[in-house]
Structures are given as structure tokens and as C-alpha cells.
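The structure appears below as C-alpha cells.
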Amino acid sequence: MKKPSSKIREEIARLQDQLKQAETREAERIGRVALKAGLGEIEIDEAELQAAFEETAKRFRGGEGSASGKKDVGDGRAASGSFTAQSLGADAGGTDEA
């Protein structure tokens, strides 16, 4: 049996609300971690900060970053925070190292 378009719209609206709530929770979590790591005190362009976050995300997804992908995993506190701070300082000038 096919759903009427009004029911589909209601479902879409409900799912969009769930998505917004999930994104808010994720943003608050990442924000708390970033502040604990001292990122709130660093003056950096938003585009550069986003690039550093993307590089960090790539590292934890198994892409580029640490050689083995296992270094500094530990409990995720000091090691991850120091990596992020190092990335911001080291990569702010560019990522074209030879």
C-alpha cells in the first residue's frame, strides 16, 4: 500500500528534526573536546581549522596521518589532543611538504 504524500512529508520533517538533534549533540561533543584541548585559545582562520579537523578525521578513519594508524590511540585524551594542537601549529602554513 502506498503512503500519501502528506504522511511522507511528516516523516521527512520528523527525520530532519532527528538529524538536527543528532548534529547538535555531535557538535557539542566535538566542541567540548576542542575546548579541553585548548583550541578556543588559538587564533586561526576557520578554513584552516576545518582543514586540520578533516586531516584528523582522516587519520582516525585509517587514511593519512600516523604511520601505523595505532599510535597514540590509548584512551584518546592527551595523545589525541596533542596531535590536534600539533596539526594546527604545523599545518597552518600549508601541507605541501616534500
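Points worth noting:
- Residue in the stretch 1-56 that is most open to solvent (accessible area, probe 1.4 Å), counting only those that are outside any helix (DSSP H, G or I) and free of Cβ contacts under 8 Å to residues at least 24 places away in the same chain: M1
- Qualifying residue in the stretch 60-82 (condition: at pLDDT 90 or above and open to solvent by 80 Å² or more (accessible area, probe 1.4 Å)): yes
The values are calculated or read from the model by the stated rules, or taken from the named source; none is laboratory data. Keep in mind it's a predicted model, so treat the numbers as computed, not measured. Ideal geometry is used to build each Cβ from the backbone, glycine not excepted, and the neighbour counts take in all protein chains shown. The protein model used for the area step is the full one, side chains on, heavy atoms only, and it has no ligands, DNA or RNA in it. Shrake-Rupley method; radii C 1.70, N 1.55, O 1.52, S 1.80 Å.
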